[in-house]
Each structure stands twice: as structure tokens, then as C-alpha cells.
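The values are calculated or read from the model by the stated rules, or taken from the named source; none is laboratory data. Computed from a prediction, not measured in an experiment: that's the story for all the values here. Glycine gets a Cβ as well: all are built from the backbone with ideal geometry, and neighbour counts include every protein chain shown. What goes into the accessible areas is simple: the full protein's heavy atoms, side chains included, and nothing from ligands, DNA or RNA. Shrake-Rupley method; radii C 1.70, N 1.55, O 1.52, S 1.80 Å.
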Amino acid sequence: MEQSLAGEARHLIASVRALLAELAEEGVDRIEPEAASPETTAESVAAAPGDGGQLGLIGGELLWGEKPTLDEVRAALGDCTRCRLSGGRTRIVFGDGNPDADLMFIGEGPGAEEDRRGLPFVGRAGDLLTQMIEKGLGIPRSSVYICNIVKCRPPDNRTPLADEVAACRPFLDGQISAVRPRVIVALGKPSTSLLLGRDIAITRVRGTWHEYRGVPVMPTFHPAYILRQYTPQNRRLVWDDLKAALDRSRA
Ligand code: URA
């Protein structure tokens, strides 16, 4: 547990450093302090039951050890009913691909085809993502890891709400801790906003490097956006972003 807390603390410090650097770049020179949360105290740290020491709870949030396995994270998710999205799903769409991937792609949430098959990015946008990975980058889809910020399909493919994203976030964090990718590609605004910790404009931040829990993050356009705006310029921009991500994952 001590080791897992040390790991979490290191991730947290790296994320805070990256955020402060970004805010400074944007001209923010002052942050108003918030009142401390009474729940997040040393006394609130407790081991979760039946998890072989991989999980802890701090202030009611799940904490993962240095390297949980994807199976452990999936088991902790269980037959989830933590948010309203569970009521409309056919299947939980956890993730797909190489558990030791250097590159991890994080999208928004399952669509109809993903919900039906229980796999991420297997509909039209998924076909384009697969093409970008296989034909564009020249690597098999099975060599990367792919998941979403929410694991159940939002109704009518709407953007997931903040409380739905918050309920699923510990499991995304667990997936990142399990895979330990060298680079994360954030697909579109919702996943980029989550990883960067603020509401972003994807046109502004795509193609620039950021960090989440110590992992370099490259935001790019979502493949569904590229399908709607299938211009040579947009395809070029995504290609540039993916190539930069692949190169850094191999550096
Ligand atoms: N399919 C997914 O799995 N995620 C998305 O964000 C879009 C389509």
C-alpha cells in the first residue's frame, strides 16, 4: 500500500507540474486556494477488500497499485451500475488490444456497434481509426491498446456527462496503470479535456504535447470528426499527430 501511495504521489506531482507549466504558458499567474476537502485525510486511506493489495481507497476514490493487471481492473469494474449509462447498455466496452502496448488510444464512449460487440472502435469511426493505425502508421491494431473514457454507450451517442465520466475515471486510470503506455493519444475533445483537466478546444491543443499521470499525451481529432470533415488538411493534421505519437513512443 505504501508503495502504491508513493507511485500515486509521483504521478500527482508530475501532473501538477505539467498543469502549472501549461497554465503559465497561457498567462495564468495566480490560482485561488480552495477550501480543503474534509474527506481526504490520512484516516480516509483504507485497503479495499479482496483485491490482493492492488487497490486502495482515498477519500472515497479508487487508487491502483504501481502495476495492476487489466484483469484486476476489469474485475473491479464488475457488472457496473455506478452511473445511469449502465441502464442503457448491452455490453460493457472495457478495452481492446495489447496489455503491454507502447501506444494507448483513448476515445469518448462506445457507439451502437461497440455496445453490440463489447469492443471499442469497431463501428465506422473505428474502421477509420484502424486504417489510420494499420495503413497510416504501419503497425497492427493489435499492437496498441484502445479504450474510452466511459465504458457504456451514452444514449443516442451523446457526449458523456461529467458525473458519468467521473464514475468511470478510476477504471481508465487503472487501465493506464496496467498498460503503462509510453504515449497516450487522446481522441477528440471529451477525452482530451479529461486528461488535461480542463475544458479544451481540440483545434487549439491538437498536435501539442501534454502529460497525464506522468505519461506524454498527444491530443488529436476524433475519427468521427474526420469522417464528417474528410478534408486533406484534417487528414494531414491527424497523420502528423499520430506520427509524432508513434515516434515518441519509440524514442
Ligand atoms: N467508438 C468508440 O469506441 N469510441 C468512440 O469514441 C467512438 C466510437
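Brief remarks on what is shown
- Count of residues meeting criterion [assigned to a helix (DSSP H, G or I), within 16 Å of the ligand (Cβ to nearest atom) and over 27 Å from C80 (Cβ atoms)] in segment 167-218: 1
- Members of segment 159-169 found to be surrounded by fewer than 18 Cβ atoms within 10 Å (Cβ to Cβ) and in contact (Cβ under 8 Å) with a residue 12 or more places away in the chain, listed by number: T159, D163, R169
- Taken over segment 190-212, the residue count meeting the criterion of being in contact (Cβ under 8 Å) with a residue 40 or more places away in the chain and buried (at least 19 other Cβ atoms within 10 Å of the Cβ) is 8.
- Some residue of segment 72-88 being under 28 Å from Y230 (Cα atoms) and within 16 Å of the ligand (Cβ to nearest atom): no
- The residue list D115, D102, D127 contains one member that is under 16 Å from the mean Cα position of the chain (by Cα) and either without any contact (Cβ under 8 Å) to a residue 40 or more places away in the chain or surrounded by 16 or more Cβ atoms within 10 Å (Cβ to Cβ) (or both), which is D102.
- Between D96, D115, D102, D127, the distinction of being more than 16 Å from the ligand (Cβ to nearest atom) and at pLDDT 95 or above belongs to D102 only.
Listed here are the residues, each with its yes/no results for (1) of a type in the set (A, V, I, L, M); (2) closer than 17 Å to T69 by Cα.
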{"residue": "F105", "(1), (2)": "no, no"}
{"residue": "A125", "(1), (2)": "yes, no"}
{"residue": "D156", "(1), (2)": "no, no"}
{"residue": "R169", "(1), (2)": "no, yes"}
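- Whichever residue in segment 130-158 is touching a Pro at 6+ places or on another chain (Cβ under 8 Å) and open to solvent by 40 Å² or more (accessible area, probe 1.4 Å) and, among such residues, is nearest to the ligand (Cβ to nearest atom): R153
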